[in-house]
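A.B. asks: Supplied in structure tokens, the structure appears directly below.
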Amino acid sequence: MKRNLNSIKETFTINQQQHYVKKNINYQFPLEISHFSYDENRVVSVNDRSGLKYFYEPEKNSDLNSGFPDLFIKREPKLEHLDSLIKCLFEVNTNLKKVNKSVYAPNFCTWRGIIRSLMVTPYFPKDSWELNIISFDNTIFMEENETLERKAASYGETEKEVKMSYYGYKFENIATISKPPSDLKKNDQELTDRNSEAVNTNVQYCSVWKSSLGTNSMILGGEVDCLYSENLVEHNHQKHYAELKTNKVFQHSWQRKSFERYKLLKVWAQSYLAGVPTVIIGFRSDEGILKFVKTYKTVEIPSMVNSWNPHVCLGFLDSILNFIKTNLEDVNDATQIYKLKYDSLQPHAIKLEGPIAAENNLCFLPQYFVNEVSQ
Ligand code: 0WD
Ligand code: CA
């Protein structure tokens, strides 16, 4: 029977963790190629670092509840797809073309969060995920299959969950300032203001970088919280990037174990993928009082834990990327969407299917980009 070349129904079988260690796959150190900021109204500007803050030690015993819920400005649930990332890639390539240099044509282009979900799958068998994929112009674009309902619920559903997510954002506000610490004046107003100003989740800074894993090249974009350094060198921000998180102070040894097993794995993967060297965690009480801040070096995290192995994550990621590429590299169609699904009810299988009928808006690549590349 003649198979429609583009019709795909394939299964990737998830092996035992040890299987992936053996692959010994290398992730090339990420190199930033561009960056962008979203302002208070979620307007994006490429090559703009206004959303990038500087870490500055917050006051001990700060109350992370302060301002909740009245001063919590949550970005509108909107499907943003890969828009800002592609805008960056498009601008970088346009500039390269102007000087007759070869453009970036990665095997994969997506948000860092997507790659992180893929790579931790062997350790999070209960977390289901679903991606939309387009293979176009020799690049595989992947996005999360989001819905507006799910986006609206992304701060949590119960009041308690929303408050927990507020704690994380509030910590980002009270632990950062907008100018280099060396420029702070005595009793600088900013140090007072940062404690009382609204928490606005529209504001974000994102880095865009190139890297590769095994034989797969990629361009990724991801949020970076702040810079952590006293002596900043203007041309090398990336070296000073830091990721901020909050966590509950440990009262029992199982809480520490669970933190190492789950949270440190996710934060390591997130920071490692972006080449972010520092992770800063604000430890808070049950009631949301900031007790202390602890700094981790990303490279040291894997040796601090024994509940997971980074080589399992990288080997697994390599296998699943190869699976996607093998099946989709011959497709070259911006209007065809493929689905990659992991369902925790079937914890040994990842399914690749498609194309699905392209309903309105389903093609998640911007039209200007498709037009330009198709010329
Ligand atoms: O497929 C898509 N449409 C996705 C888009 C999936 C994931 C993220 N995004 C977008 C957003 O536009 C955002 O600007 O990517 C950007 C950030 O991406 P990322 O860095 O790859 O996301 P991730 O690594 O999962 O999370 C980093 C931070 C989170 O902070 P913590 O401290 O919890 O790691 O990005 C934020 C969140 O604050 N974040 C988002 N912001 C806007 N939209 C989103 C989202 N969907 N998901 C996480
Ligand atoms: Ca963060």
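The values are calculated or read from the model by the stated rules, or taken from the named source; none is laboratory data. As the structure is a prediction and not an experimental result, all values here were calculated from the model. We place every Cβ from the backbone using ideal geometry, glycine too, and count neighbours over all the protein chains shown.
A.B. asks: Which of the residues belonging to region 86-112 are part of a helix (DSSP H, G or I) and out of contact with any strand residue (DSSP E or B) (no Cβ under 7 Å at 6 or more places or on another chain)?
C.D. replies: Within region 86-112, I86, F90, N93, T94, N95, L96, K97, K98 meet the criteria.
A.B. asks: Run down K257, K263, K245 and say which single residue is under 28 Å from S307 (Cα atoms), within 16 Å of ligand 2 (Cβ to nearest atom) and surrounded by fewer than 16 Cβ atoms within 10 Å (Cβ to Cβ).
C.D. replies: The unique qualifying residue is K263.
A.B. asks: Another question, then. Mind checking whether some residue in region 342-355 is closer than 27 Å to N216 by Cα and within 20 Å of the chain's Cα centre (by Cα)?
C.D. replies: yes
A.B. asks: Now for a separate question. Six or more apart or on different chains, Cβ atoms under 8 Å: show the pairs whose first residue is in region 83-107 and within 29 Å of D318 (Cβ to Cβ) and whose second is surrounded by 14 or more Cβ atoms within 10 Å (Cβ to Cβ) and among the charged types (D, E, K, R).
C.D. replies: Taking only residues 6 or more apart or on different chains, the pairs are Y104/K210; A105/D137; P106/K210; N107/K325.
A.B. asks: Sticking with this structure for a sec: Give the number of residues within region 76-114 that are within 16 Å of ligand 1 (Cβ to nearest atom), at pLDDT 95 or above and basic (K, R).
C.D. replies: 2
A.B. asks: Scan region 60-104 for residues that are more than 19 Å from the chain's Cα centre (by Cα), over 22 Å from S165 (Cβ atoms), surrounded by 14 or more Cβ atoms within 10 Å (Cβ to Cβ) and not β-branched (V, I, T) and report the count.
C.D. replies: 5
A.B. asks: Identify the residue in region 133-192 that is more than 16 Å from ligand 1 (Cβ to nearest atom) and among the basic types (K, R) and, among all such residues, is surrounded by the fewest Cβ atoms within 10 Å (Cβ to Cβ).
C.D. replies: K186
A.B. asks: When the residues of region 230-260 are narrowed to those that are polar (S, T, N, Q) and modelled with pLDDT of 95 or more, which ends up nearest to F29 (Cα to Cα)?
C.D. replies: Kept after step one, since they are polar (S, T, N, Q), are these residues of region 230-260: 231, 236, 238, 246-247, 251, 253, 255, 258.
Next cut, modelled with pLDDT of 95 or more only: 246-247, 251, 253, 255, 258.
Working: T246: 26, N247: 28, Q251: 37, S253: 34, Q255: 32, S258: 29 Å.
The residue in question is T246.
A.B. asks: Just name the residue that is nearest to D286 (Cα to Cα) out of those in region 212-228 that are surrounded by fewer than 21 Cβ atoms within 10 Å (Cβ to Cβ), touching a strand residue (DSSP E or B) at 6+ places or on another chain (Cβ under 8 Å) and not charged (D, E, K, R).
C.D. replies: Only one residue tops the list, namely S212.
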